[in-house]
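Colleague: A single structure is presented below for examination.
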Amino acid sequence: MKNSEMKQNIISTIQFIFCLLVMQQSFCQTEKFDIITYTPPKDPTGTGWKKESKQSFVSHITVNQNTGGFCLIVLYAAVPGASTPEKDFAKEWNDLVVTPYHAEKNPKTETQTNADGWKVVSGAAAVQRDNINSYIILSVFSGFGKTVSVLANLNDQSYIAEVDKFLENISPDKTATPANTTAVAKNNDQPDKFGQLLYTTPAGWKATKYQNGVVLTPVDLPAKEHLDIQVMQAINFSGTMEKAFEKIYNETCTTLRVTKMWEVSGLNYTAKEPKKSFRGWEYIRGSGGIQVNNGTPYPDEYGLELFVIKINNRFERIAIIQSRNTYGGYNRYYPSDRLNYRNAVEGFLFSLKFDDWKEPVVKTGAAKGEDITGVWQGISMSVGIPNRGAELGAGLKVQQLILFSNGQAFFGTNFPVEGLDELNTWIAAENNRRSWGTYSFSNDKGVLKMPYADIPLQMENNKLTITTNKTDHSFIKLSPVDGARFNGTYTLSEWNGMIPAISFTSDGKFIDKGAVRILYHESTDCLNEALTPGSGTYEVKNNSMIFNYSDGRKIKIAVTGSGFDKNNSSPAILTLSFNEDVMKRQ
């Protein structure tokens, strides 16, 4: 049969499947898997089905040796459901079809409700793998807080009837709790293990375990976007870090069956210099563009980021794969451009541990105390690229100095974007080494050790003097902002014909009328978590103002403490964000 004819038959079958799903289930010999009761398939040709059962799935496959026809049916263990059946299907389609088979992202779907009250969304697509053409049918059962997926892969339409019967006789338990290896991690402090690598699934992500790796994905990823962290098997290699990275990048692209894109440098990727992390192990990371065949002359573009760690005589491999998306016709972005996803990725990478590696002791620190620890602000000489007003590349700029109780120090022009609440200072320093260092201080004197220089410190009359470029600069310690409450409405300058405003009450409530969107400083709307106005409660701690919206959003805006007076809840001016935006009281 021609592929075009089979494709039409397969797609037509989707509608027929739904007729079966709403009918009363037939009485056949059943089996139990996870929370699902089902009837195993039977081959009308008599060649038999081979069953394979794992913790996360059960599969049945049959192959006709005479015709080459085959059919694979995979029943996956239940996972927690998303907010709608459509989102459940989009997520499962991406994980089970798009990623492994590089199928089209948005297949035509049909939705129906079966006799047990489950919403069932099904879709189909033609795929090619290892030069074998076949069709994938994915049916996703959603309801009662759970999702169950069934995938069929076949190259002969004679198996369609058996797929129909299989779907017809599936009966998930509405009341049971899923017991599977793919689950949302909530406050999961207990690490899982793959090989000799210990990892912790980020909150709000799910981990799917395979024999040769682990795939982690965020459960709230927007439709038509792809982002996952893939933990791969370690390899032994005797070359340098750079050569190991090159080998792993090429092998990963081959395994994924993607086309490597070219960088301006003439290479397929850009790799950073190898480093030694605060965990004690050496690592190298880099990224490049890849293209995924979608059956059209215009392949989909993805980003491939690799994180390679050297542990003793082996190299551990982690890949971050994500779609490159377009917003508004011209803005290009990756899903990890969102702060919450990037924080989750970095937190995952730098929390990795290994059962044959002893880590150094790492102490956490706080930027509060009666001594020198805390937030300081002043003006100092900054040397950089020549520009207007600083033709020699030198000029005076407002600088932030944050001294932590564990001896770490931040010294830069911009405050950390979300403030200091829940900030992992070690990861922040790892990814922005120029702005982070250490300090020592005793008897009113000390040294700030930055990557580019040792900077003298001296305290006199509660003012801290920092000597940079042979010039003394005075810094003032800013007042702590913990527990601050405000009362009144504050506005920013006009933006797009409106006046962004936010109203605070002294009992910890707020109404946002477009101000937080501006304070968030994200110009690409689909990446701006504060795009939509709203209301809720707020709290101020650790130099962060935390907005807890009634719709579930949690957004942090930096509060440096500049101009803050704890005795005045209605100041004329309120300074917020890492950019120190000035808001005026109405």
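Colleague: Using +1 at the Cβ of each Lys and Arg and -1 at the Cβ of each Asp and Glu in region 183-354, identify which of LEU306, VAL231, THR254 lies farthest towards the dipole's positive end.
Modeller: Working it through, the farthest residue towards the positive pole turns out to be VAL231.
Colleague: Just want the answer: with Cβ charges of +1 for Lys and Arg and -1 for Asp and Glu, which residue in THR67, ALA78, GLN211 is farthest toward the dipole's positive end in the chain?
Modeller: Highest projection toward the positive end goes to GLN211.
Colleague: Given a Förster radius of 41 Å and the C-beta distance between GLU86 and ASN414 as r, what FRET efficiency does 1/(1 + (r/R0)^6) yield to the nearest 0.05?
Modeller: 0.55
Colleague: While we're here: Using 0.36 nm per residue of separation minus the Cα-Cα distance, give me the extension gain between LYS193 and LYS554 in nm, one decimal.
Modeller: Result: 126.9 nm gained on full extension.
Colleague: Follow-up. Based on the Cβ-Cβ distance from ASN106 to ILE132, what FRET efficiency comes out when R0 is 30 Å, to the nearest 0.05?
Modeller: According to the calculation, E is roughly 0.80.
Colleague: I want to check the label-to-label distance for THR524 and THR113. Put each point 7 Å from Cα in the C-beta direction and report it in nm to one decimal.
Modeller: Rounded to a tenth, the inter-label distance reads 3.9 nm.
Colleague: Quote to one decimal, in nm, the extra length available between LYS463 and GLU52 on full extension: 0.36 nm per residue of separation minus the C-alpha distance between them.
Modeller: The LYS463-GLU52 span can extend by a further 140.8 nm.
Colleague: May I pose another question? Two decimals is fine: what's Rg over Rh for the chain, C-alpha atoms, Kirkwood radius as Rh?
Modeller: 1.03
Colleague: Further question: Work out how much length MET498 to ALA453 would gain on full extension: take 0.36 nm times their residue separation and subtract the Cα-Cα distance, in nm to one decimal.
Modeller: Separation in residues times 0.36 nm, less the Cα-Cα distance, equals 11.6 nm.
Colleague: May I ask you to list the lysines whose Cα is less than 29 Å away from that of LYS243, ignoring any residue fewer than eight positions away on the same chain?
Modeller: In chain and number order, the partners are LYS193, LYS209, LYS260, LYS272, LYS275, LYS276, LYS310, LYS353, LYS358.
Colleague: Please state the shape class of region 183-354: rounded when a/c is under 1.5, otherwise prolate if a/b exceeds b/c and oblate if not, all from the C-alpha gyration tensor.
Modeller: oblate
Colleague: For LYS509, give me every one of the lysines with a C-alpha distance below 23 angstrom, ignoring sequence neighbours fewer than eight places off in its own chain.
Modeller: List returned: LYS541, LYS554, LYS556, LYS566, LYS584.
Colleague: Separate question: Mind putting a number on the dipole of the chain about its Cα centre? Charges go on the C-beta only, +1 for Lys and Arg and -1 for Asp and Glu, and I need it in Debye to the nearest 20.
Modeller: My answer is approximately 600 debye.
Colleague: In degrees between 0 and 90, to the nearest 10, how far off the longest principal axis of the chain does helix 3-21 point, with axes built from Cα atoms?
Modeller: With rounding to tens, the tilt is 90 degrees.
Colleague: To continue, here is another question. For region 434-586, build the charge dipole from Cβ charges (+1 Lys, Arg; -1 Asp, Glu) around the Cα centre, then report which of GLN586, LEU531, PRO456 sits farthest towards its positive end.
Modeller: Positive-most Cα among the choices belongs to PRO456.
Colleague: Measuring from label point to label point, each 7 Å out along Cα→Cβ, what is the ASN294 to THR326 span in nm?
Modeller: Taking the simple label geometry, ASN294 and THR326 are separated by 1.0 nm.
Colleague: Under the classification rounded if a/c is under 1.5, otherwise prolate if a/b is larger than b/c and oblate if not, where does region 488-585 fall, given a ≥ b ≥ c as square roots of the Cα gyration tensor eigenvalues?
Modeller: Because its axes are fairly even, with a/c under 1.5, region 488-585 counts as rounded.
Colleague: For a label point 7 angstrom out from the Cα of ILE476 toward its Cβ, which stretches of region 394-426 have the backbone nitrogen within less than 12 Å?
Modeller: Zone members listed by number: none at all.
Colleague: Which parts of region 119-151 would a label at ALA161 reach, counting a residue when its backbone N lies under 15 Å from a point 7 Å out along Cα-to-Cβ?
Modeller: none
Colleague: Can you give me the angle between helix 241-256 and the longest principal axis of the chain, using Cα atoms only, in degrees from 0 to 90, rounded to the nearest 10?
Modeller: For helix 241-256, the angle is close to 30 degrees.
Colleague: Spin-label point model (7 Å from Cα, Cβ direction): what's the ALA572 to LYS445 distance in nm?
Modeller: 4.3 nm
Colleague: What shape does region 256-390 have by the C-alpha gyration tensor, where a ≥ b ≥ c are the square roots of the eigenvalues, rounded means a/c under 1.5, and otherwise prolate means a/b greater than b/c and oblate the rest?
Modeller: oblate
Values quoted throughout were computed directly from the atomic coordinates according to the rules given, and no laboratory measurement underlies them. Please read all numbers here as calculations on a predicted model, not as lab measurements. Counting neighbours? That spans all protein chains shown, and the Cβs are built from the backbone with ideal geometry, glycine included.
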